[in-house]
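The values are calculated or read from the model by the stated rules, or taken from the named source; none is laboratory data. Predicted model only: the values in this text are computed from it and were never measured. Quick reminder, even Gly has a Cβ in these numbers, built from the backbone with ideal geometry, and neighbours come from all protein chains shown. Ligands, DNA and RNA are excluded from the accessible area calculation, which covers all protein heavy atoms including side chains. Shrake-Rupley method; radii C 1.70, N 1.55, O 1.52, S 1.80 Å.
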Amino acid sequence: MKHFCLLLSFSLLASMVVAQSSSKAVELGLEFQQYPTGSIPGARLGLFLSDQHSIELRLGYNIVYHGDAGVHELEEGGGFGFSPGYQYYFNTAERGLFLGGRVDFWFNTVDWKDNIGLANEITGTTEIMVVQPTLISGYRIPIGQQLNLTPTLAVGAEINTMQEGEDVGQGAILLVGFQFNFQL
């Protein structure tokens, strides 16, 4: 299933890239997001449809360390995933404020423990697909002609789906991050 989703996203993005005029900008970048119970490093591809509209695809790894903030006393793990998204730029895409949305699909393995240190300690593993819709805002700061640094703030929800194993943490999420992008 995850390979199908990944293939579908790449196919859609490739189709959009081919359909666009060669005068539209494409950028490659690195991104990092931090949330209270995890971190998400990733790489991104952005395609500008106009001066104020862009679409993106991010590939990343979701490092999960819920600790005792999840369902169990200790939850740790992670997994790869991808995120299609859209941004609207209030001025132009080269600088300034944007607002957008994205939907992350994470394929996580979470190891959990209960009754830690006791004779009846319980451990387990949950395989899960997380769907994470978020609203994201950022401010692009140009660094020279082709580079920009973009601090971001996102809010959304982690929704556990397609689960094998016991329940693990999910719910509202707040992410603080930054992007470092190179325009081709």
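Here are some values of volume of the Cα convex hull per residue in Å³: (1) 127; (2) 94; (3) 199. Which one was computed from this structure?
(2)
Give me the net charge for the shell around residue 57: Cβ to Cβ below 13 angstrom, other residues only, Lys and Arg +1, Asp and Glu -1.
Numbers: positive: 44, 58, 102; negative: 27, 31, 56, 104.
Once all neighbours under 13 Å are counted, the net charge is -1.
Would you mind getting the accessible area per residue of the chain, heavy atoms of the protein chains only, 1.4 Å probe, in Å²?
On the way: 9430 Å² over 184 residues.
Accessible surface, normalised per residue, equals 51 Å².
Return the distance in nm (one decimal) between the two label points of a simple spin-label model at residue 61 and residue 116, each offset 7 Å from Cα along Cα→Cβ.
2.2 nm
Report in % the part of the accessible area of the chain that belongs to carbon and sulfur, leaving out ligands and nucleic acids; probe 1.4 Å. Before the final figure, lay out the partial values.
Numbers: 6150 of 9430 Å².
Looking at the chain in its full context, I get 65 percent from C and S.
For helix 2-19, what angle does its Cα long axis make with the longest principal axis of the chain, in degrees from 0 to 90 and rounded to 10?
The two axes meet at around 10 degrees.
How large is ³J(HN,Hα), in whole Hz, for each residue of region 75-87 in order, when computed from phi with the Karplus curve 6.51 cos²θ - 1.76 cosθ + 1.60 and θ = phi - 60°, using x for Gly and Pro?
Each residue's phi maps through the Karplus curve to give 9, 9, x, x, x, 7, x, 8, 9, x, x, 9, 10 Hz.
Magnitude of the Cβ-charge dipole of the chain, K/R +1 and D/E -1, about the Cα centre, nearest 20 debye? Please list the in-between numbers first.
On the way: 8 positive and 18 negative charges, 222 e Å.
My answer is approximately 1060 debye.
For the chain, what is the calculated [θ] at 222 nm in deg cm²/dmol (nearest 500), taking -39500 (n - 2.57) for each run of four or more DSSP H residues and dividing by its residue count?
On the way: 1 runs with 18 residues, N = 184.
So the helix-based figure for the chain works out to -3500 deg cm²/dmol.
Once fully extended, how much extra length lies between residue 164 and residue 92, figured as 0.36 nm per residue of separation less the alpha-carbon to alpha-carbon distance?
Numbers: separation 72, 0.36 × 72 = 25.92 nm, distance 4.47 nm.
Gain on extension, residue 164 to residue 92, equals 21.5 nm.
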